[in-house]
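J.: I'd like to ask you about the structure that follows.
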Amino acid sequence: MTNEQLDQLSINTIRTLSIDAVQQANSGHPGTPMALAPLVYTIWNRAMNFDPQDPIWPNRDRFVLSNGHASMLLWSVLHLTGTQAVDADYERLGEPSVSLDDIRHFRQLGSKAPGHPEYHWVSGVETTSGPLGQGVATSVGMAIAQKWLAHRYNRPGFEIFDYRLYAVCGDGCLMEGVASEAASLAGHLGLDNLCWVYDNNHITIEGNTRITFTEDVAARFLSYGWNVLRVGDANDIDRIEHALNVFRETTGRPTFMILDSHIGYGSVHKQDTAAAHGEPLGEEEVRLCKRAYNWPEDAKFLVPDGVREHFAAGVGARGGAARRRWLDLFANYRGQYPELASEVDQMQRRELPAKWDANLPEFPADPKGLAGRDASGKVLNVLAQNIPWFLGGSADLGPSNKTTLKFEGAGDFQADSPGGKNLHFGIREHAMAAIVNGLALSKLRPFGATFFIFSDYARPAIRLSALMELPTLLVFTHDAMGDGEDGPTHQPVEQLLSLRAIPGLVTLRPGDANEVVEAYRYVLQLRHQPAVLVLSRQPLPTLDRSKYAPASGVARGAYVLGDAPGGNPDVILIATGSEVSLAVQAHERLLAEGVRSRVVSMPSWDIFEQQPQAYRDSVLPPTVKARVAVEQASVLGWERYVGTSGRVIGMKTFGASAPLKELQRKFGFEPDLVVAAAREQLERK
Ligand SMILES: Cc1ncc(C[n+]2csc(CCOP(=O)(O)OP(=O)(O)O)c2C)c(N)n1
Ligand SMILES: [Mg+2]
C-alpha cells in the first residue's frame, strides 16, 4: 500500500471505530469523529511530538479535545497509537491505555473509553472536557505553563521545555464565554505555542448555526490578536499539515485554524445535519457509511493490517525519537544544572522542595488582629519564595485579595517577561479557574484569586479541578458580610455550602491569622485535591494560643479551641472564619457565668469528615446535644453538626448594604445572641 492509502485507511479506521462504538453503546456522538478524523490523524501522526510509550513525558506536545462529546476521536487514536497506561503514582503499567475491548464497551461502567475525555481515568487524556469551552480555556493555562517553564529551565543548548499545545473545539466551545475570556488573554499574552482548531461545521444540537451563531469568528480572533488560518476542506490532510506548519513557524501570536467540515461526513442521510451530532446512525446508515468509505460493510471494530504500524511509523517513531533525544539532553542538563533538574523531577511527581514551609509567619496574640487576606498575603509571599514553581494571581483584585507577590524578582507574567510569578488574569474569573487547572495539569502549583462572591463565576472550572483531582488553590477573600457597604451583591450566602458540596474539594475558612498559616500548610501538601481558602476582608482577633489550642488543629478540619474546665462540656459552640472570635467571646461569657461551654473551630467540613470517628466524637461528643453553630452563610447543612434540635445562627436571606457593625446587629451575629442561643439549648435538654 502507498503512504496515501495508509493515511486514508488510518482515517477511516478512526471513523469506523467511532461509528461502531456509538452504535454498540446505542449512545454517543458519531458525526464529529467522522468529520474530524483527518484532522486528528494529521495532528497526531504528522505533527505532534508525543511518545505513546510514555504519555506523561514532560516535554510532550499536548492535545486537548475541547469538544469532548467527540471523545471517540481520542479513544480511537489512543488505541491505534498503542498509548500506554500510567497510574496515579506516574508508574507505567505495561498495558494499553485504551484497548479495543474498552472501545467495544464505549460509555460502559469501567471502560477506559468513557462518554467524555477524563483526565486521571484514561492515560493520554490531558484534561477532562465535555463542558463546552473548558478544554480550550484550560489549554491557555497549559500554554502559559510552557512559557513559564521554558523561561525558568531552558539554558543555552538545553531546550528542556519547547512543547506545543493543540486544542480542537466546535461551535459550542466558541459560543461559551469562558473560551472568549481565555482567547482574549491568550492573544494579549501572545502565546505562540498554542493552536486552536475550530471545527466550523455550522451545526449544533438544535440545527444550523444560522439560528444562533452568525458572528464573524475569524474577525473576532483577529481582533484578539491571533493568527487566523483557514482550511476549507477538512478532508485535505496536506492543507491541514501545511497550516500546522504555519502555526509552528508563527511567533508572537497564538494560531486559530478555521476548518470547514461536514458533520457526519460519509453518511448519505445525515451528513451536514444535527441528526449526526448525538445519536447512533442506525444499522442501515452504518452500512451506507462503510460503503462510502470502501469499508467491508459487515466488519465491526475492524483495525486493518497496517494501520497500527502506520501510526507506529508516524507518531510512534517521531515521538519516541523526540523523547529519547530529550532524555539524553536532560541527562546532560542534570550534570550541568543539578538543582534545576531536581526541581523538574520534584515538580513532575508533585512533590515540594525541602524547606518549602520554612519561615512561615507565626502571629502573636492580638485582640485587634489581622484580616485573613492580610495573613494570606504574607504566607503567599513566603511560599512563592520557597517553592520556585508556586505562582498565581488574581482576576484584577490583587490589591484587595492581597495576593500580589512583592518580593524582589517576583515579577509580572507578560509576553515579554514569561518568568514572572504574578499572573494577571484580568476580570475573567471563569477563564482564571480553567487556566489554573491548565497550570496544575502542567505540574506547576498555581493559585487564582477573587472575591468569594465571584467564585460563582469560576465554579464550573473549580468543579473540574475536583473531578480531575488537581492540586489547585483558589484564594477567595471578602468571605461574608465584611465588605458591608458593598451590599448584598457582594455578600456571599450560599457559596460556602455550594463549594462544600463538590466531592473532593477542600473548602477552608480559617478563623484567625494562625489558622490561615495552617490552612496553607495543609493545602500545599495536597497532591491530588483542589482547595479553596475563604478569607476575611476585615481584621479578626489573633487568638492567644497559650490559652487556646494550637492552630495546627486546622489539619483535622475541626478542633476544640477552648473547653470547660476538665472537659465534659454541657454545650458546644461551633464556628468558622470570622465567627470564631465571636463564638470565643460567647464561650468566655458562658464560662464566667458557670456554664460548661466548649468552643470548636471548624475551618473545614471536608477535612473533618475524613477524620476517624473517634476523633470526631472527641470534638463533638454524641452525648452533648446542646449545640450552636455560628457562620455568616446559609444555615443549610449545619444540622449535620448541631442535630435537628440544635441552633444555627446563620443567613436565611441575602445581606444588605450597611456598615459591618450594623449588619452584625441586624442579622444576629453578636455575643449576646450566641450566649442566649446556648442557654436556650441548655434549657431544652
Ligand atoms: C457547557 C455545556 N453546555 C451544553 C452542553 C451540551 N452539548 C453537548 S454538545 C452540544 C452542541 C455542541 O455543538 P458543537 O460544538 O458545534 O459540536 P458539533 O455538534 O458540531 O460536534 C451541546 C449543546 C455541554 N456539553 N456543555
Ligand atoms: Mg458544530
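J.: Compute the angle between helix 372-386 and the longest alpha-carbon principal axis of the chain, please, reported from 0 to 90 degrees and rounded to the nearest 10.
T.: Approximately 50 degrees, to the nearest 10.
J.: Okay, helix-only estimate at 222 nm for the chain: each DSSP H run of n ≥ 4 adds -39500 (n - 2.57), divide by all residues, round to 500 deg cm²/dmol; what do you get?
T.: Computed mean residue ellipticity for the chain: -12000 deg cm²/dmol.
J.: Based on the mean of other beta carbon atoms within 10 Å per residue, what is the order of 544-554, 267-277, most packed first?
T.: 267-277, 544-554
J.: OK, next. Assuming a ≥ b ≥ c are the square roots of the Cα gyration tensor eigenvalues, decide whether segment 541-684 counts as rounded (a/c under 1.5), prolate (otherwise, with a/b larger than b/c) or oblate.
T.: Rounded, since a/c falls under 1.5.
J.: While we're on this one: Relative contact order of segment 528-651, please, whole-number percent, based on alpha carbon pairs below 8 angstrom and at least 6 residues apart.
T.: That works out to 25 percent.
J.: Express in Å², to the nearest 10, the accessible area of S465 obtained by rolling a 1.4 Å probe over the protein heavy atoms while all chains stay in place.
T.: 0 Å²
J.: Take every Cα pair under 8 Å in the chain that's 6+ residues apart, average their separations, divide by the length, and report that relative contact order as a whole percent.
T.: 12 percent
J.: By the 4.7 Å beta carbon criterion, which cysteine residues of the chain come out unpaired?
T.: Cysteines lacking a close Cβ partner in the chain: C195, C289.
J.: For the pair K368 and E215, how long in nm is the line joining their label points, each one 7 Å along Cα→Cβ?
T.: In this crude label model, K368 to E215 measures out at 5.0 nm.
J.: For the pair R589 and N568, how long in nm is the line joining their label points, each one 7 Å along Cα→Cβ?
T.: 2.7 nm
J.: Still on this structure, please answer the following. Which of the residue pairs K147/K443; K355/K443; K547/K666; K368/K661 have a Cα-Cα distance greater than 24 Å in the structure shown?
T.: Correct reply: K547/K666.
J.: Would you mind computing the Rg to Rh ratio of the chain from its alpha-carbon coordinates, Kirkwood style for Rh?
T.: On the Cα set of the chain, Rg over Rh gives 1.03.
J.: Further, regarding this structure: Which of rounded, prolate or oblate describes segment 376-534 when judged by the alpha-carbon gyration tensor and an a/c cut-off of 1.5?
T.: Note, shape of segment 376-534 comes out rounded.
J.: Further question on the same structure: Give, as a single signed number, the net charge of other residues whose beta carbon lies under 12 Å from the beta carbon of V379, with Lys and Arg counted +1 and Asp and Glu -1.
T.: -1
J.: Arrange the peptides 662-675, 11-24 so that the one whose residues have, on average, the most other Cβ atoms within 10 Å appears first.
T.: Most protected by this proxy first, the peptides run 11-24, 662-675.
J.: While we're looking at this one, here's another question. Please give the contour-minus-distance gain from Q525 to L302: 0.36 nm per residue of separation, less the Cα-Cα distance, rounded to one decimal in nm.
T.: That pair, Q525 and L302, stretches by 75.6 nm at full extension.
J.: Which three extents, in whole angstrom, do the alpha-carbon atoms of segment 349-447 cover along their principal axes, largest first?
T.: Its Cα atoms span 43, 33, 23 Å along the three principal axes.
J.: Can you check what the Kirkwood hydrodynamic radius comes to for segment 1-109, Cα pairs only, in Å to one decimal?
T.: The answer is 14.5 Å.
J.: Separate question: Could you pull the accessible area for R152 with a 1.4 Å probe, rounded to 10 Å²?
T.: Surface accessible to solvent at R152 totals approximately 80 Å².
J.: Please label the shape of segment 71-175 as rounded, prolate or oblate, based on the square roots a ≥ b ≥ c of the eigenvalues of the alpha-carbon gyration tensor (a/c under 1.5 means rounded; beyond that, a/b larger than b/c means prolate, else oblate).
T.: Verdict is oblate for segment 71-175.
The values are calculated or read from the model by the stated rules, or taken from the named source; none is laboratory data. Everything numeric in this text was worked out from a predicted model, so none of it was measured. Don't worry about glycine lacking a Cβ; one is built from the backbone with ideal geometry, like all the others, and counts go over all protein chains shown. Surface accessibility is based on the protein's heavy atoms, side chains included, excluding ligands, DNA and RNA. Shrake-Rupley method; radii C 1.70, N 1.55, O 1.52, S 1.80 Å.
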